[in-house]
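Trainee: Would you mind keeping the following structure in view while I ask a few things?
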């Protein structure tokens, strides 16, 4: 069980989630699953890759999320000629007018903010894409041999157009793995699209209320790490990861037929962390198998590499994930005497 202080913090976060959803709903129509996945990733200290065609309000959603949380927002438009120093910052020579002494001075780049929108991240070459790696993993950048810490909380949201591939640079698997979630932003339903047209063709601009400060977000992120996860829930999460590895152990035939490379251990960590964060957002004090199932698709869809057979037959990672959800049981709970879970699993840092 959580201490009384943490119980109150869970209630606070659940209430904040409701207020955040309400505020975002004043600007964003629909996209409830997308909003939930963004908030789960943020409170789990993860980063998110949003994939969707242009015009689905991905940029507006990210900007609105930053505004409702009193966080510093920075947008980086990725282009083929963008350089790493355009993201991280650079050192310039500055002369002291009094003494005439010249020295290097670091000018921070747009990465020095709380919420980073990496717009069309696949438009820039790998060298520039890699400039994000250290920032995403270590929350710091190194320029001229000097490390510069980034302001906390730090959250990278990258967007990617799935249909236009000419002149783009696919993200390397090492960088894709740094993203906790790959969130698919779909077209709105007819009623939602009608509401979008109504809202965006007038001069009415909603004013948003701030719901959480940076200090409160950091405190709630620490709370998510303290949420207990029963051993059977952790093993349930591990099964999804391990069953994607076609060359390891007893895996389903459809995985052997269609998967070239499966997910690594970071996927298991993110499944557990995502389940923890989702449970807290919904006002519960421990993660359940249903929470794991809810985050399986965004955690695994960019970590499963399909082979030529899948390409030829039109089998996507989401198809494989849906089959795994159907076949992975959650009935092997092991309880000790007295009906309590025998062991509690608390995940380590997803590093």
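The values are calculated or read from the model by the stated rules, or taken from the named source; none is laboratory data. Quick caveat, the model's predicted, so the values are computed rather than measured. Because the Cβ atoms are built from the backbone with ideal geometry, glycine has one as well, and the counts that use them run over all protein chains shown.
Here's the yes/no breakdown for (1) under 30 Å from residue 152 (Cβ atoms); (2) in a loop (DSSP other than H, G, I, E, B); (3) touching a helix residue (DSSP H, G or I) at 6+ places or on another chain (Cβ under 9 Å):
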{"site": "179", "(1), (2), (3)": "yes, yes, yes"}
{"site": "193", "(1), (2), (3)": "no, no, no"}
{"site": "198", "(1), (2), (3)": "no, no, no"}
{"site": "203", "(1), (2), (3)": "no, yes, no"}
{"site": "232", "(1), (2), (3)": "no, no, yes"}
{"site": "238", "(1), (2), (3)": "yes, no, yes"}
{"site": "244", "(1), (2), (3)": "no, yes, yes"}
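Trainee: Taking the options 112, 106, name whichever one is farther than 18 Å from residue 179 by Cα and at pLDDT 85 or above.
Mentor: From the options 112, 106, the qualifying one is 112.
Trainee: Would you confirm, using the coordinates I've provided, whether residue 24 is buried (at least 16 other Cβ atoms within 10 Å of the Cβ), at pLDDT below 85 and part of a helix (DSSP H, G or I)?
Mentor: The answer is yes for residue 24.
Trainee: Something else: Suppose we filter region 260-275 for residues that are under 21 Å from the mean Cα position of the chain (by Cα) and either buried (at least 24 other Cβ atoms within 10 Å of the Cβ) or free of Cβ contacts under 8 Å to residues at least 60 places away in the same chain (or both); how many remain?
Mentor: 11
Trainee: Considering only residues that are under 30 Å from residue 45 (Cβ atoms) and either part of a loop (DSSP other than H, G, I, E, B) or in the same structural domain as residue 283 (by TED's automatic domain parsing) (or both), which ones fall in region 205-222?
Mentor: Across region 205-222, the qualifying residues are 206, 207, 208, 209, 210, 211, 212, 213.
Trainee: With respect to residue 278, determine if the residue is in a helix (DSSP H, G or I), touching a residue at least 40 places away in the same chain (Cβ under 8 Å), touching a helix residue (DSSP H, G or I) at 6+ places or on another chain (Cβ under 9 Å) and within 20 Å of residue 46 (Cβ to Cβ).
Mentor: In short, yes.
Trainee: Among the residues of region 67-74, is there at least one that is outside any helix (DSSP H, G or I), in the same structural domain as residue 168 (by TED's automatic domain parsing) and at positive phi?
Mentor: Yes, the conditions are met somewhere in region 67-74.
Trainee: Could I ask something else about it? Is it fair to say residue 280 is crowded, with 21+ Cβ neighbours inside 10 Å, under 18 Å from the mean Cα position of the chain (by Cα) and at pLDDT 90 or above?
Mentor: no
Trainee: Could you run through region 41-60 and say how many residues are under 21 Å from residue 213 (Cβ atoms), out of contact with any strand residue (DSSP E or B) (no Cβ under 8 Å at 6 or more places or on another chain) and outside any loop (DSSP other than H, G, I, E, B)?
Mentor: 1
Trainee: Given the criteria buried (at least 17 other Cβ atoms within 10 Å of the Cβ) and closer than 23 Å to residue 47 by Cα, does residue 242 qualify?
Mentor: Criteria met by residue 242.
Trainee: Output the residues belonging to region 246-259 that are crowded, with 21+ Cβ neighbours inside 10 Å and part of a helix (DSSP H, G or I).
Mentor: 258
Trainee: Buried (at least 16 other Cβ atoms within 10 Å of the Cβ) and under 18 Å from residue 281 (Cβ atoms) - does that describe any residue in region 78-90?
Mentor: Within region 78-90, not a single residue is buried (at least 16 other Cβ atoms within 10 Å of the Cβ) and under 18 Å from residue 281 (Cβ atoms).
Trainee: Picking from 183, 142, 159, which residue would you name as being part of a strand (DSSP E or B) and modelled with pLDDT under 85?
Mentor: Residue meeting the stated conditions: 142.
Trainee: Separate question: Looking for whichever is exposed (fewer than 14 other Cβ atoms within 10 Å of the Cβ) and within 30 Å of residue 288 (Cα to Cα) here; the options are 190, 231, 215. Which one fits? Give the steps one after another, and end with the answer.
Mentor: Working: 190 fails: within 30 Å of residue 288 (Cα to Cα); 231 fails: exposed (fewer than 14 other Cβ atoms within 10 Å of the Cβ).
Of the residues listed, the single one that is exposed (fewer than 14 other Cβ atoms within 10 Å of the Cβ) and within 30 Å of residue 288 (Cα to Cα) is 215.
Trainee: Quick one: residue 155 ticks every box in (1) surrounded by fewer than 13 Cβ atoms within 10 Å (Cβ to Cβ); (2) closer than 19 Å to residue 46 by Cβ except a single one, so which number is it?
Mentor: (1)
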